[in-house]
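Right, one structure below, let's go through it.
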Amino acid sequence: MRKAFFWSGSVLLGLGLTVVIASLVMTYMGVNASYNFGDPAKFQFVLVPFWQIGLGVAAIGGLCLAASRSLG
């Protein structure tokens, strides 16, 4: 179980940091990068910036890494 938490934490942390860096690069280029969690058919727009999504994924990866350390 420890190895599974370690590998999944490493992958999620790397993926989250990659999304944050990509969001910073797109912001530098003038692109507003966000994802719509709303329903466009009902004109509900809940736009969440990519850096917030990446930060959430990286936080989950960090928690998995912390859990892998506490198990062993």
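A few comments on the model shown:
- The simple Förster model, with R0 at 25 Å and r as the Cβ-Cβ distance, assigns A67 and L17 a FRET efficiency of 0.85.
- q = 0.14, 0.24, 0.26 Å⁻¹: log10 I(q)/I(0) that the Debye formula gives for the chain, counting C-alpha atoms only: -0.54, -0.92, -0.99
- Couplings 3J(HN,Hα) for the range 32-43, derived from phi with the Karplus relation 6.51 cos²θ - 1.76 cosθ + 1.60 (θ = phi - 60°), are 8, 8, 8, 10, 8, 8, x, 10, x, 5, 9, 6 Hz, where x marks Gly and Pro.
- Between K3 and L47, the modelled label-to-label distance comes to 4.6 nm, taking each label 7 Å out from Cα in the direction of the beta carbon.
Quick note: the coordinates plus some simple rules give every number you see, no bench work behind them. These numbers were taken from a predicted model, which means no experiment stands behind them. Backbone-built Cβ (ideal geometry, glycine too); neighbour counts: all protein chains shown.
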